[in-house]
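The values are calculated or read from the model by the stated rules, or taken from the named source; none is laboratory data. Computed from a predicted structure; not experimentally measured. Cβ placement follows ideal geometry from the backbone for every residue including glycine, while neighbour counts extend to all protein chains displayed. Ligands, DNA and RNA are stripped out before the accessible areas are found, and what is left, the full protein with its side chains, is counted by its heavy atoms. Shrake-Rupley method; radii C 1.70, N 1.55, O 1.52, S 1.80 Å.
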Amino acid sequence: MRRTVVVVGLAAAVGLLALPAFAHVTVAADNTEPGGFAVYTVRVPNESETGTTTRIEIQIPEGLDASRYQPKPGWTMTIEGGVLTIEGGTIAPGEFEEFRFQARNPEEAGPLTFPAIQTYDDGEVVNWTGEPGTDTPAGVVEIGLVTDAAGTDPLAVTAIVVGALGLLVGGVALVRSR
């Protein structure tokens, strides 16, 4: 019984660590090298139980030279005045979409913050403009942060490591109890 409680507790902790990475509009880059070219992926989940996402506006940080976007059927995308606007399609409750744009990274290392506004068809508007750790955080990409070739999010790597440690501790506890 005790080991079951430990394993379930560790699994819950891993789940809670992983949730913030997927609980809001996020932005990731496949290359975070200062001055390098990158493809940025904007992940937009629909968190409403009743509304459908119809529009997303993402503020492009100063110093990031966004030049083009990858078309997505059913959606209209524009980059004007430092804002990436995505509209015309829908994201239903329980679904998410990903949108990509190309940019040249700033020459200086440091965080790039991507405030976003998500609009639903029922009139709800969510401003993803807060600091990390708040209920409505803006997406952040750290320029100069070393990632693997797939652009792996360091928070996701941390969650995987913690999960593996949890399995190891659970396995050791199981072996010792026998």
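How large, in percent, is the carbon and sulfur part of the accessible surface of segment 20-134 at a probe radius of 1.4 Å?
The computed percentage sits at 48.
What length, rounded to one decimal in nm, is gained on full extension from residue 92 through to residue 39, with 0.36 nm per residue of separation minus their alpha-carbon distance?
Length difference between fully extended and current span is 16.5 nm.
What is the distance, in nm, between label points placed 7 Å from the Cα along the Cα-to-Cβ direction at residue 177 and at residue 57?
Taking the simple label geometry, residue 177 and residue 57 are separated by 5.5 nm.
Give me the distance in nm between label points sitting 7 Å out from Cα along the Cα-to-Cβ direction at residue 102 and residue 83, one decimal.
It is 2.5 nm.
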